[in-house]
Amino acid sequence: MDDSTDIAGLAILMAILLYPYLDSFHEDLFLCKPLPSTSTGTEIFKLLDEFFVENSILRDNCVDVCTDGAKAMTGKMSGAIAKIKGKAKGCSCVHCILRQHALAMKKMPPFKKEVLSETVKIINFIKSRPKNNRLFKILCDDIESLHTSLLLHPEIRWLSCGKS
């Protein structure tokens with residue numbers, strides 16, 4: 001679980017789910033929603049809890065949470081982890097830094113990688129020039145889109161290995 005801020009300053013909560021399926025484990029994006037006001041532990045937990053209720057997910061199915069270790073996540077009383085453990089008694093917690101793009105690309109089928117790569121190129125083209133960005137915003141306004149801003153998506157480079 002991680003909260004990130006997009007280019008418009010909107011805090012977004014992302015949760016990746018690791019679950020057993022047949023004879024292996026699968027990893028999928030579970031939740032990606034904007035935080036309505038602040039990125040406090042209470043707000044993060046509230047958004048996650050509402051998602052569980054809306055989708056009829058049993059809280060006891062949450063057995064482990066991995067976070068970036070930020071205070072909003074790990075605070076002893078008001079952190080999201082403390083609140084999750086209050087509802088899902090058997091839940092444990094570990095800390096690490098999440099890299100959304102790297103996680104998404106890790107086990108993605110080739111055709112999806114191609115789509116994601118093309119999407120990154122398109123977004124980077126739009127964000128590369130202020131004029132492109134303004135025209136994109138006008139287009140979004142014309143079609144009454146809820147979203148008018150894009151993130152710049154740089155490719156992750158593994159410098160030590162010489163791979164991209």
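Any read-out appearing in this document is the output of simple, stated calculations on the displayed coordinates, not a laboratory observation. Quick caveat: nothing in here was measured; it's all calculated off a predicted structure. As a convention, Cβ positions derive from the backbone with ideal geometry for all residues, glycine included, and neighbour counts pool all protein chains shown.
Could you list 49, 64, 142, 23 so that the one with the fewest beta carbons within 10 Å of its beta carbon is first and the one with the most is last?
In increasing order of surrounding Cβ atoms, one gets 23, 142, 64, 49.
Quick query: amide H of residue 57 versus all other amide H atoms, modeled in the peptide plane; which residues come in under 5 Å with a sequence gap of 5 or more or a different chain?
Residues meeting the criterion, in which the H sits 1.01 Å from N, do not exist here.
Ranking 10, 146 by Cβ neighbours within 10 Å, fewest first, what do you get?
Arranged by neighbour count, lowest to highest, 10, 146 become 146, 10.
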